[in-house]
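Colleague: Would you mind keeping the following structure in view while I ask a few things?
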Amino acid sequence: MLRTRVAKRQDRPWIALVVLPLLMTAAALTPLPHHFWLLVPLVCLTWWWCSVEWAWGWVVGVIEAAWGLQWAYVGIYCLEDFPRHRVLVGILWAGYAAIVAAAGALNRWHYGRRNGW
């Protein structure tokens, strides 16, 4: 019964590769210790909604969450270490996010038609 349920799951790449990594980043950034345990069900949901064709696709979502967490910490520490250059830090921080978003949009536009995006 469980195998048939797993075999019938549907691909939801937008949820698995955009929404859930953002939620994992937010859960890891919260100061409350019990929010950290939300990562386990979020990783399981990433596996559930990732591609059925590629068994390791869920790892991409986890890596995206790790990159998001790294991006957040770099920005936080740069804002703390360079208080007189907050505008420059903000521009560079947001600029990096814009470059990554543009690269992802270009990749989805180029390869997304065959992958269901």
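The numbers here are math on the coordinates, done by the rules we state, and not lab data. Please read these numbers as outputs of a predicted model, since none were measured by experiment. A quick note on method: Cβ atoms are made from the backbone with ideal geometry, for glycine too, and the neighbour counts reach across all protein chains shown.
Colleague: If we scan segment 20-35, do we find a residue that is free of Cβ contacts under 8 Å to residues at least 12 places away in the same chain, loosely packed, with under 14 Cβ neighbours inside 10 Å and within 24 Å of Gly104 (Cβ to Cβ)?
Modeller: Looking for residues that are free of Cβ contacts under 8 Å to residues at least 12 places away in the same chain, loosely packed, with under 14 Cβ neighbours inside 10 Å and within 24 Å of Gly104 (Cβ to Cβ), one finds none in segment 20-35, hence no.
Colleague: Identify, by number, the condition in (1) within 21 Å of Ala7 (Cβ to Cβ); (2) surrounded by 11 or more Cβ atoms within 10 Å (Cβ to Cβ); (3) free of Cβ contacts under 8 Å to residues at least 60 places away in the same chain that Asn107 doesn't meet.
Modeller: Failed condition: (1).
Colleague: Right, something else. Starting from segment 64-89, keep only residues that are within 30 Å of Trp14 (Cα to Cα), then list their pairs with residues that are of a type in the set (D, E, K, R) and part of a helix (DSSP H, G or I) whose Cβ atoms are within a distance under 9 Å, requiring at least 6 positions of separation or different chains.
Modeller: From segment 64-89, the pairs are Val89/Asp81.
Colleague: So, one more: State yes or no: is Cys50 within 19 Å of Gln10 (Cβ to Cβ) and surrounded by fewer than 13 Cβ atoms within 10 Å (Cβ to Cβ)?
Modeller: no
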